[in-house]
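*Asks:* This structure is in structure tokens; I'll ask about it shortly.
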Amino acid sequence: MAAGSGTTYECVLSKRVMMLMALLLEFCCLGHGVVDGERRLGVGGISSCIESERRALLAVKSDMYDPGDWFSSWTGKDCCRWRGVACDNTTGHVTKLDLHCPYTYDMEDILYIVETMGTSTVNPSLQELKHLKYLDLSMHNFSGAPVPNVITSLVHLEYLNLSYAMFDGLIPPRPGNLSNLYCLDLQGWYGDLHIDDLEWLSRIPSLKYVDTSDVNLSKATNWLHIISSISALEVLRLSEADLPYVPSPLPPFNLTALTRLDLSWNSNITSTMPRWLSNTTSLEYLDLSHSGSLTIESLQVAPEALLNLKELDLSHNSLRGEVLRILSNVRSRGLMHLDLSWNYLSGDITQALCSLRHLEYLDLAGNIDAIGHIPEILGNLTSLQQLYYWTNTRDNWWTPSLAKLGHVLDLSSNNLFGSIPPSFGSFGTMAEVPEARVQQEVEDDKKLEKLLEYAGTVVGFVVGFWLFTGTLIMKQVIRDAFFRWIDKTDSSTSLGELAAELLPLPAHFHVQNSSLRRVPSLVSDTNTDAPEHVPQDPQSKRHRRFLMLAKDEHPRFHRMPRNTTGSE
């Protein structure tokens, strides 16, 4: 009995072990499981996401504008397969929600989008997605609503993008709760989105990317001290943020990992900022355009220290001085993008360009009457794809080596001399060649203007003559009055003589005698009693012939009786 009882117990135990193993096998192979009290099915089942989170997603969808077929895949039970949704492979929790509108970030596109896009709201059910690590609501129209507090409750967020979402009002300090963030994009859209204190950023030490462009930071007087304390920061964009003035001394520089910095369109960026930036060697992209308070002296230090610089934009700063004072200090041999447009820079850039052979983009436009001749060395910059050199009003000659450049070449509004080289016809892939004002075109324009002036004079004379003559012919009263006035005038100052005095015939003008109707009583070839104002020289015969022609064609002389004492 004891042996039998032991055998029975072992059999029961064996069956239980086998059932447990089968149950484990079912979980592993079929993906059945229980998470937070709710079932989720694997690939062979119905759903792989949490049911409560699926319902939350549908609630979020109900308040979002659909730009097309973005939500067309949001059907069925498997929410992890929906477009823009991703789940954790182990737990099944939703970890990613990407609902950005599928548009480019081109400004012209955004202007059109604003006019045509429907409105959206952030549904409170978003807080049910407690395990979200990635949230993108950019490019939506939230109609000036404040940034909802529900977002700051998602404490596991690592990526948050609310750019161009048309939020408005004060951004509260609660984003400081998102201590795991590495990317924070709050770029505004011409509203009143503002931050009065950036202290909460210091509670997110993991931040690598921060963009608060177009967000009003005019009251955040501690902005530079807070930013400089985030040592992990790699990308910082504060364009058009109305940054307040930072008095000296500036805080210690701790941004040793910074690679991209955009401080453009901030009028309070002073000359101390470039010197402060000279402490970094990792910077690759620097945009200080439209700052307004920079001097060329302050820019001599930073370029020398930025050994890894690839893009430099100093446009629209009214910088005055020799361009070499900036370029000669550029120590980076990998500089690919250089924009010095709309300043007052002068001097020859040939020497500086010798060391910038990796340039792909060069913009020197708008340096009115400053930058010198187009250097021949530009043709040796084989990597140069875009050259903008317009509105430099000094006289320049066409440089044949420019034909070696590619894609975009803008030399418009320049005083260029000479003919366009035939080699420019080989621009098979050039995207844009704006019109250049060469000297030949200027000369042609002057000739055309002169020709039009002459033509206008001739037409005016002919029209005026025939109007006057036609009036005399058609109106008898006017004609008789005119001739009575002629009869009263002194015969010594006839109209023909006056014309001969004012308009002497040129030497190459000849009049055939046979074409004249002689009036001997008035003009004779043998007459030596000519008026004093008719010169008695070898050319006097020509004057007399002109007088004969003028008097012969005048109506007065046709009305007089013929003198029978003279000869025909």
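The values are calculated or read from the model by the stated rules, or taken from the named source; none is laboratory data. Quantities reported herein were computed from a predicted structural model and do not represent experimental measurements. Here Cβ is always computed from backbone atoms with ideal geometry, including for glycine, and neighbour counts include all displayed protein chains. SASA here: full protein model, heavy atoms, side chains in, ligands and nucleic acids out. Shrake-Rupley method; radii C 1.70, N 1.55, O 1.52, S 1.80 Å.
*Asks:* What tally of residues in region 233-252 results from selecting those that are without any contact (Cβ under 8 Å) to a residue 40 or more places away in the chain and open to solvent by less than 30 Å² (accessible area, probe 1.4 Å)?
*Replies:* So the first thing to find is which residues in region 233-252 are without any contact (Cβ under 8 Å) to a residue 40 or more places away in the chain, and the list is 233-236, 238, 240-252.
Pick out the ones that are also open to solvent by less than 30 Å² (accessible area, probe 1.4 Å) and you get 233, 235-236, 238, 241, 243-244, 246, 251.
Adding up the residues that qualify gives 9.
*Asks:* Considering region 154-180 alone, what residues qualify as being of a type in the set (A, V, I, L, M) and part of a loop (DSSP other than H, G, I, E, B)? Step through it out loud before you land on a result.
*Replies:* Residues of region 154-180 that are of a type in the set (A, V, I, L, M), as a first pass: 154-155, 157, 160, 162, 165-166, 170-171, 178.
Result: Leu154, Val155, Leu157, Leu162, Ala165, Met166, Ile171, Leu178.
*Asks:* Right, something else. Return the residue satisfying two criteria in turn: it lies in region 355-376 and is open to solvent by 20 Å² or more (accessible area, probe 1.4 Å) and at pLDDT below 80, and of such residues it is nearest to the chain's Cα centre (by Cα).
*Replies:* Filtering first and then ranking leaves Ile368.
*Asks:* In this structure, is Asn415 modelled with pLDDT of 65 or more and of a type in the set (S, T, N, Q)?
*Replies:* Judged against the criteria, Asn415 is not a match.
*Asks:* Working only within region 339-354, note down all residues that are open to solvent by 10 Å² or more (accessible area, probe 1.4 Å), hydrophobic (A, V, I, L, M, F, W, C) and closer than 17 Å to Asp287 by Cβ.
*Replies:* Trp342
*Asks:* Answer yes if at least one residue in region 154-166 is open to solvent by 70 Å² or more (accessible area, probe 1.4 Å), touching a strand residue (DSSP E or B) at 6+ places or on another chain (Cβ under 7 Å), farther than 30 Å from Thr280 by Cβ and of a type outside the set (Gly, Ala, Ser), and no otherwise.
*Replies:* no
*Asks:* Right, something else. Identify, by number, the condition in (1) under 24 Å from Ala232 (Cβ atoms); (2) crowded, with 18+ Cβ neighbours inside 10 Å that Ser179 doesn't meet.
*Replies:* Condition (2) is where Ser179 drops out.
*Asks:* May I ask you to list the residues in region 258-269 that are at pLDDT below 95 and either touching a helix residue (DSSP H, G or I) at 6+ places or on another chain (Cβ under 6 Å) or surrounded by fewer than 20 Cβ atoms within 10 Å (Cβ to Cβ) (or both)?
*Replies:* Result: Ser267, Asn268.
*Asks:* If you don't mind, there's one more thing I want to ask. Of everything in region 316-338 that's within 22 Å of the chain's Cα centre (by Cα) and crowded, with 20+ Cβ neighbours inside 10 Å, which residue is nearest to Thr256 (Cα to Cα)?
*Replies:* Only one residue tops the list, namely Leu335.
*Asks:* Now for a different question. Restricting region 279-299 to residues that are outside any loop (DSSP other than H, G, I, E, B) and touching a helix residue (DSSP H, G or I) at 6+ places or on another chain (Cβ under 8 Å), which is nearest to Gly334 (Cα to Cα)?
*Replies:* Step one: of region 279-299, the residues outside any loop (DSSP other than H, G, I, E, B) are 285-287, 298-299.
Pick out the ones that are also touching a helix residue (DSSP H, G or I) at 6+ places or on another chain (Cβ under 8 Å) and you get 286, 298-299.
Values: Leu286: 14, Ser298: 22, Leu299: 18 Å.
My answer is Leu286.
*Asks:* Conditions: (1) part of a loop (DSSP other than H, G, I, E, B); (2) closer than 29 Å to Leu307 by Cα. Met273 meets all but one. Number of the miss?
*Replies:* (1)
*Asks:* Another question, if that's okay. Please go through region 215-246 and give me each residue that is outside any loop (DSSP other than H, G, I, E, B) and out of contact with any helix residue (DSSP H, G or I) (no Cβ under 6 Å at 6 or more places or on another chain), ordered by number.
*Replies:* Once the filter is applied, which keeps residues that are outside any loop (DSSP other than H, G, I, E, B) and out of contact with any helix residue (DSSP H, G or I) (no Cβ under 6 Å at 6 or more places or on another chain), region 215-246 yields Asn216, Trp223, Leu224, His225, Ile227, Val235, Leu236, Arg237.
*Asks:* A follow-up question, please. Say whether the condition of being surrounded by 20 or more Cβ atoms within 10 Å (Cβ to Cβ) and farther than 17 Å from Arg237 by Cα is met by at least one residue in region 202-214.
*Replies:* No, region 202-214 contains no residue that is surrounded by 20 or more Cβ atoms within 10 Å (Cβ to Cβ) and farther than 17 Å from Arg237 by Cα.
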